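Accompanying notes for the structure given below.
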Amino acid sequence: MKLTDTQLIILSSASQRQDGLATLPETLKERAAKAAVTKLLGLGLLKEVRVKRDQPAWRTDEEEKPLGLKITEAGSAAIAVEDEPAEEGQASEPEGSAKKQGAKSASEPRSGSKQAQLIALMQRKSGATLEEMIAATGWLAHTTRAALTRLRQAGHILDKAKRETGGTVYHIAAPAPATRSRKAA
């Protein structure tokens, strides 16, 4: 499935929030926002949920209660920042996603995936800059940063250093332990 930049930005904004609620870009016109959100809802990448008044809402329901947009597991998978499920599978995962993705464990990305590409780039002796990671994956900068956050959450130890020529270089100091779960961190 091919998503537009606007749809990717909406999904990425939700993936970076603790509550998983999407925020729409302020510069996005109402008509374009409605089109993007309708498509994401139709694909099952977002779902509408009731939100509190202080949380991001995108519309109100018939009772004038605010509704927000929450990212689904499929939405996280679509922007490739998901935590891949273990082989034994989970009841809440999308239909056969572990089999389709060839997942091995939560800390080991599928071979050839964009997460695996990021890890390989950061394991090089010279490490990788954000620009190099963006070029390798084709992601936007905020999506790449979200993927780095997910790698940290999965237990990878990431180091940042400034290059003498300018710019930040990222290294993986230690891979995520195979038996460690996110909740144990």
* Greater than 23 Å apart at Cα, pairs in LYS34/LYS70; LYS34/LYS65; LYS2/LYS65 -> LYS2/LYS65
* Once you list every other residue whose beta carbon is under 15 Å from the beta carbon of ARG17, what net charge do they have if Lys and Arg are +1 and Asp and Glu are -1? -> +3
* Structure fact -> Between the alpha carbon centres of the stretch 153-168 and the stretch 1-80 the gap in Å comes to 30 Å
* Would you tally the net charge around LEU130, using a Cβ to Cβ cut-off of less than 13 Å, leaving LEU130 out, and scoring K and R as +1, D and E as -1? => +2
* Structure fact -> Note, LEU67: beta-carbon cut-off 9 Å, +1 each Lys/Arg, -1 each Asp/Glu, net +1
* **Computed FRET value (nearest 0.05) for THR38 with LYS125, which takes r as the C-beta separation and R₀ as 41 Å** => 0.30
* Express the relative contact order of the stretch 5-78 as a whole percentage, based on alpha carbon pairs under 8 Å and six or more residues apart in sequence. => 33 percent
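Bear in mind these aren't lab numbers, they're just calculated from the coordinates by the rules spelled out. Since this is a predicted model, take the numbers as computed values, not measurements. Reconstructed Cβ throughout: ideal geometry from the backbone, glycine too, with neighbour counts over all protein chains shown.
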